[in-house]
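The values are calculated or read from the model by the stated rules, or taken from the named source; none is laboratory data. Since the model is a prediction, treat every value here as computed from it, not as a measurement. Neighbour counts are summed over all protein chains in view; Cβ atoms, including those assigned to glycine, are modelled from backbone coordinates with ideal geometry. When the accessible area is computed, the model is the full protein with side chains, heavy atoms only, and any ligands, DNA or RNA have been set aside. Shrake-Rupley method; radii C 1.70, N 1.55, O 1.52, S 1.80 Å.
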Amino acid sequence: MTDQKTIAIFGAGTGLGASVAVRFGREGYKVALIARGPTGLDLLKGRLAEQGIEAYTFPADLTDLAAIPSLVQAIEAQLGSIDAALFSPISSTAYFVPAVDLEASYLQSISPVLTWAPIELARALMPGMRSRGDGAFIVADGLSAVLPVAGMSGPGPAMAATRNYIMTLHEEVRADGVFAGMLHVGAMINNSAGMAAALAAGMVLDSFPVIDPDMLADEVWDMASARNRTESILPPLHQ
């Protein structure tokens, strides 16, 4: 193994994941791409190769919680230690509902990817990062994790639980040189699968904010390297 660092992107897609891969790749990182579909991963790997970025694909279903430890082991066996990790998958079954209509069964159905997977991933990553005295784990989610809005419950409670966990985790591991943080995105991410699905469903984006994934990637890089804030909201909220 070389001294070259590795970032693992769990939920790598065409929006945020692709931009984070490029941003860290420019800094000399090897990139592990993790997502359910091997075809999409291979396409993204090819795009990165054209830019001189070394990337490797690991098709995996992140809702298979029992397989997460072996997934992390497989990545590290091939690429060496995971120095930075981003968790940013999209739940294809998550949608907003009014809080008065929220059913526990629906919340239970979306929690595996929005809450349980990042917890299990942190459990798999933290021992190695803490023993090495360095590492960064960032979870990207939606704004409803921190800003409740009437009529937009469902994913919010699941993501809020994750936020509570990550903030607590950071307080416990920062003395070991490890960083845990949250990036809350309050906009549609350009070029993302989520945006493509919204447009295909007939959603009109005229009044909905759209953000450049490269801007988000710069924020992920800055959070992971500067480590002077445990969470960030983009676009910034207007006071």
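Numerical summary
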| read-out | value |
| --- | --- |
| Accessible area (Å², per residue) of region 1-77, counting only protein heavy atoms and a probe of 1.4 Å | 46 Å² |
| Accessible area (Å², per residue) of region 100-141, counting only protein heavy atoms and a probe of 1.4 Å | 45 Å² |
| Label-point separation, LEU102 to LEU147 (7 Å along Cα→Cβ), nm | 1.8 nm |
| By average C-beta atoms within 10 angstrom, highest first, the peptides 217-227, 5-15 | 5-15, 217-227 |
